[in-house]
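Worksheet: the structure to be examined is printed underneath.
The values are calculated or read from the model by the stated rules, or taken from the named source; none is laboratory data. Keep in mind it's a predicted model, so treat the numbers as computed, not measured. Cβ: placed from backbone, ideal geometry, glycine included. Neighbour counts: every protein chain shown.
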Amino acid sequence: MSSNPVIVAKNLSKAYRLYEKPQDRLKHTMLWRFNRHYGREFWALRDVSFNLHPGEMLGIVGRNGSGKSTLLQILAGILEPTQGSVTVNGRLAALLELGSGFNPEFTGRENIYLNASILGISPSEIELKIDDIIAFAEIGNFIDQPVKLYSSGMFVRLAFAVTTGLDADILLIDEALAVGDVFFKQKCYQRLQDLLEQGVAVILVTHNTGDVAQFCQNALLLSHGNEVFQGASSETLKRYMLLEQQERSGKERPTQNMDEEVSEQIQDAIQSPDDWVWPNAEAFLSLENTAQVNNGAAQAIRIAITDAEGNPKSVFEQGEQAHFFYEFEALESFSYPSGGLMIKNVRGVSVHGKNSFEYPNAIIPRKVSSGSLVRFHQRISLEIEPGEYTFDIGLTSLTPATYDNRSVLPPQEFRDGLKRLSNIPECGMFRVIQRKVGNPTLLMHRGLCNLPGDCQTQIISRKVK
């Protein structure tokens with residue numbers, strides 16, 4: 001496999017002129033020679049550089065409006081850069097917005113030939129591939145109907161099959177990495193893995209951080225058209241998560257480590273093992289715009305989700321352990337504090353919830369004095385289906401009488417004795433992806449979550465009479 005880059009991008013920049021009134025556009029066109037300028041200059045992309053080699057997959061991440069699609073359109077030749085240059089060595093196929101590269105009046109079959117001709121593939125070459133492309137798309141007899149009659153799902157399946165089935169050297173993909181139902185998505189992921197092994201280079205623009213973590217060796221982070229970071233995908237996603245928190249809060253995160261400031265203030269803290277790890281300040285999420293609800297007795301001040309070393313993390317493999325850290329400030333004194341966590345999927349279904357009282361070996365402090373800080377650390381094995389999840393954090397307390405009788409009280413009476421001090425709904429999110437070990441499409445289970453158990457098999461031989 002050649003080590004020469006298939007794409008060399010140098011200082012790519014794209015500027016537009018924005019006008020307050022339509023007539024200003026005409027005035028600027030006619031009068032700019034006389035040094036009369038109207039409107040203002042807007043840079044959608046500024047000084048972005050990278051190299052892409054065969055068999056590599058580069059992820060491009062960033063919030064809406066960061067310049068991701070503009071960069072792809074420049075690479076695809078749709079837009080001319082205002083500054084900088086891009087060199088493409090090889091056939092380039094692009095799966096951009098829905099409908100690009102397809103004639104709605106043509107049939108699906110005719111559009112396959114159209115896209116092949118754009119790539120410079122001869123009719124004789126496409127004849128060898130067209131049956132495989134049609135079979136992969138799974139649209140049946142609709143292949144000979146105009147694509148304007150297709151559903152959006154049929155259309156994007158055909159587009160994916162065509163773009164990935166025409167022997168391109170470089171693929172540009174905007175969001176549509178895997179489409180359709182779960183079975184077709186598995187085909188898409190396997191097709192992508194096969195192409196990478198064959199030396200095809202891929203650039204993926206996406207909001208799906210799980211795909212970047214699973215498939216991309218390196219990633220590029222954009223913000224407001226500028227290159228913020230470029231490097232290993234794990235490090236890029238870490239910085240992306242921190243950048244999102246900064247922009248949501250509307251200000252830069254503090255750089256000082258709060259741990260030194262509060263270490264002397266923690267009283268009646270939960271006894272912890274020697275390997276207790278508390279993350280650095282940079283790992284904690286911004287609570288600036290979260291809807292915290294409390295009764296005046298306590299308030300949440302810090303929340304983090306990390307790996308085992310305390311590094312911020314938002315993408316986990318199925319079955320991997322996530323570490324949740326959260327801290328409350330006691331505004332009043334209360335007894336027997338309990339921290340709790342609730343995980344919900346994209347449909348708002350509660351997948352898992354557990355608090356300190358529900359861990360049999362948890363040590364519950366007897367009293368929390370006003371002004372103290374209460375820290376919690378929950379480790380959870382994410383044996384749940386791949387997808388995006390949010391989590392809620394809460395703090396409750398019990399009266400001494402209820403706590404002393406907890407082993408004999410009916411469950412409902414025990415729950416009635418809980419006093420809710422603070423709750424932070426949807427304070428963070430994370431994504432679970434399929435495991436990278438072995439077959440990437442192999443799931444640990446089906447359904448929402450894994451239920452512990454075992455399975456035995458027995459064969460009884462019988463004589464046939």
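Computed quantities for the displayed model
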{"quantity": "Given (1) charged (D, E, K, R); (2) modelled with pLDDT of 50 or more; (3) assigned to a loop (DSSP other than H, G, I, E, B), number of the condition E252 does not satisfy", "calculated": "(2)"}
{"quantity": "Count of residues meeting criterion [touching a Phe, Trp or Tyr at 6+ places or on another chain (Cβ under 9 Å) and surrounded by fewer than 19 Cβ atoms within 10 Å (Cβ to Cβ)] in region 414-424", "calculated": "4"}
{"quantity": "Residue satisfying all of: in region 374-405; in a strand (DSSP E or B) and aromatic (F, W, Y); farthest from D416 (Cα to Cα) among these", "calculated": "Y389"}
{"quantity": "Conditions (1) buried (at least 21 other Cβ atoms within 10 Å of the Cβ); (2) under 18 Å from N111 (Cβ atoms); (3) among the aliphatic types (A, V, I, L, M); (4) out of contact with any Pro (no Cβ under 6 Å at 6 or more places or on another chain): number failed by V205", "calculated": "(2)"}
{"quantity": "Filter result for N103 (polar (S, T, N, Q), assigned to a helix (DSSP H, G or I) and surrounded by fewer than 20 Cβ atoms within 10 Å (Cβ to Cβ))", "calculated": "no"}
{"quantity": "Residue that is modelled with the lowest pLDDT, among those in region 424-444 that are part of a loop (DSSP other than H, G, I, E, B) and more than 16 Å from E383 (Cα to Cα)", "calculated": "N439"}
{"quantity": "Residue satisfying all of: in region 275-310; part of a strand (DSSP E or B) and out of contact with any Ser or Thr (no Cβ under 8 Å at 6 or more places or on another chain); farthest from Y240 (Cα to Cα) among these", "calculated": "I301"}
{"quantity": "Residue among S117, S152 that alone is more than 26 Å from the chain's Cα centre (by Cα) and of a type in the set (S, T, Y)", "calculated": "S117"}
{"quantity": "Count - residues of region 311-334 that are crowded, with 17+ Cβ neighbours inside 10 Å and not in a loop (DSSP other than H, G, I, E, B)", "calculated": "14"}
{"quantity": "From A291, A269, A304, A281, residue being modelled with pLDDT under 75 and within 29 Å of V368 (Cβ to Cβ)", "calculated": "A269"}
{"quantity": "Residue match in region 325-341 (condition: within 15 Å of I384 (Cβ to Cβ) and either without any contact (Cβ under 8 Å) to a residue 60 or more places away in the chain or outside the structural domain of P400 (by TED's automatic domain parsing) (or both))", "calculated": "yes"}
{"quantity": "Selected residue (only one of P411, P386, P400 is buried (at least 18 other Cβ atoms within 10 Å of the Cβ) and at pLDDT below 90)", "calculated": "P386"}
{"quantity": "Of all residues making up region 335-364, the number that are within 27 Å of the chain's Cα centre (by Cα) and exposed (fewer than 14 other Cβ atoms within 10 Å of the Cβ)", "calculated": "5"}
{"quantity": "Options Q190, Q230, Q198; residue that is more than 20 Å from V6 (Cα to Cα) and surrounded by fewer than 19 Cβ atoms within 10 Å (Cβ to Cβ)", "calculated": "Q190"}
{"quantity": "Selection from region 112-130 of residues that are in a helix (DSSP H, G or I) and of a type outside the set (A, V, I, L, M, F, W, C)", "calculated": "Y113, N115, S117, P123, S124, E125, E127"}
{"quantity": "Some residue of region 343-355 being over 28 Å from L448 (Cα atoms), out of contact with any helix residue (DSSP H, G or I) (no Cβ under 7 Å at 6 or more places or on another chain) and not basic (K, R)", "calculated": "no"}
